[in-house]
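Reviewing the structure listed below.
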Amino acid sequence: MLQSQRIAIIGGSSGIGLETARQVIEQGAEVVIASRSEAKLQAAANQLGPAASAYVLDTTDEEQVKLFFEKVGDLNHLIVSAAETSGGSFLQTESARSRELFENKFWGQYYAAKYGAAKLADGGSITLFSGVAAYKAMAGSAALGAVNAAVSNLGQTLALELAPIRVNVVSPGIIDTPSRSKMPEDARNQLYHAVAGKLPAKRIGSASDVALCVLYLIHNSFVTGTVQHVDGGHRLT
Ligand SMILES: NC(=O)c1ccc[n+]([C@@H]2O[C@H](COP(=O)([O-])OP(=O)(O)OC[C@H]3O[C@@H](n4cnc5c(N)ncnc54)[C@H](OP(=O)(O)O)[C@@H]3O)[C@@H](O)[C@H]2O)c1
């Protein structure tokens, strides 16, 4: 159980982060969720109830991240699921768009680990987020695959440098979360169906599948420097 544990979830207003917040609160934790949109944070905080507090934060801004950790107080665990990702043909995608991907998903997690580490109590842990594009080459995912690979590598090095704080990385496959809502519903369902058919698990993932893995990483004090694949076997296909 997680009674009297304080957990910050940057990216906790949606998808995997929100579901993780729900699950750790169920186990007795107090949660601080952070993301850019005040409206999304408010809706998430209402859903989560009095054990959650919300903080507006853009992880691409190093000063904001620093200030967040100055204000947030002591923590037991830090989870960084914040990211806005995009894909597209390597030759046709503007380089600036790929740089934005690094700004958001790589540098956001880098800053969070850098300023969050000092706030973590003994026995604390950091969980970062990579993704299957780092482990399975996919057309249209050149920059995303590179960002995810960079995060996985960062996590392993930080497990050495920040020890005894434990640092692990979760690598989701195709997970049904609001991050995929930009795609029209019909196309999305077709994609889910096509991918599910090829996966060893024969289905796509849910936010709950990934949150369960984050909970395992919080609880197991002998696990550090790992990349946990929650992808239904996608990288093997
Ligand atoms: N879903 C999948 O299929 C999948 C697959 C592979 C990897 N992943 C990875 O899993 C993680 C969680 O994804 P998800 O599907 O749960 O996404 P999601 O539902 O879109 O949630 C992402 C969260 O990040 C926040 N966010 C985005 N950019 C931010 C920034 N610069 N600063 C602060 N907060 C920011 C968003 O809120 P605001 O908009 O309010 O900022 C939101 O709360 C991400 O790292 C994602 O790349 C997901």
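The values are calculated or read from the model by the stated rules, or taken from the named source; none is laboratory data. All figures in this text were calculated on a predicted structure; none of them were measured in a lab. Backbone-built Cβ (ideal geometry, glycine too); neighbour counts: all protein chains shown. The accessibility values were calculated without ligands, DNA or RNA, using every heavy atom of the protein model including side chains. Shrake-Rupley method; radii C 1.70, N 1.55, O 1.52, S 1.80 Å.
What the table shows:
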{"quantity": "Cross-chain or 6+ apart pairs with Cβ under 6 Å, the range 9-21 first and farther than 15 Å from His77 by Cβ and near the ligand (Cβ under 6 Å from one of its atoms), then polar (S, T, N, Q) and in a helix (DSSP H, G or I)", "calculated": "Gly15/Ser179"}
{"quantity": "Filtered residues of the range 134-171 (kept if open to solvent by 70 Å² or more (accessible area, probe 1.4 Å), of a type in the set (Gly, Ala, Ser) and free of Cβ contacts under 8 Å to residues at least 40 places away in the same chain)", "calculated": "Ala137"}
{"quantity": "Output for the range 134-172, where each listed residue is in contact with a helix residue (DSSP H, G or I) (Cβ under 8 Å, 6 or more places away or on another chain), closer than 25 Å to Ser95 by Cα, in a loop (DSSP other than H, G, I, E, B) and of a type outside the set (Phe, Trp, Tyr)", "calculated": "Lys136, Ala137, Met138, Ser141"}
{"quantity": "Lone qualifier among Thr85, Thr93 - being touching a residue at least 60 places away in the same chain (Cβ under 8 Å) and open to solvent by 20 Å² or more (accessible area, probe 1.4 Å)", "calculated": "Thr85"}
{"quantity": "Failed condition for Asp61, given (1) in contact with a Ser or Thr (Cβ under 8 Å, 6 or more places away or on another chain); (2) near the ligand (Cβ under 10 Å from one of its atoms)", "calculated": "(1)"}
{"quantity": "Residue, nearest to Thr127 (Cα to Cα), within the range 204-219, restricted to residues that are of a type in the set (Gly, Ala, Ser) and open to solvent by less than 40 Å² (accessible area, probe 1.4 Å)", "calculated": "Ala211"}
{"quantity": "Qualifying residue in the range 94-104 (condition: on the phi > 0 side of the Ramachandran plot and either outside any loop (DSSP other than H, G, I, E, B) or touching a helix residue (DSSP H, G or I) at 6+ places or on another chain (Cβ under 9 Å) (or both))", "calculated": "no"}
{"quantity": "Answer residue from the range 172-227, given it is without any contact (Cβ under 8 Å) to a residue 12 or more places away in the chain and near the ligand (Cβ under 10 Å from one of its atoms) and is nearest to Ser130 (Cα to Cα) among those", "calculated": "Arg180"}
{"quantity": "Pairs, first among the aromatic types (Phe, Trp, Tyr) in the range 100-112, second surrounded by fewer than 19 Cβ atoms within 10 Å (Cβ to Cβ), C-beta under 6 Å, six or more apart", "calculated": "Phe106/Ala150; Tyr111/Glu62"}
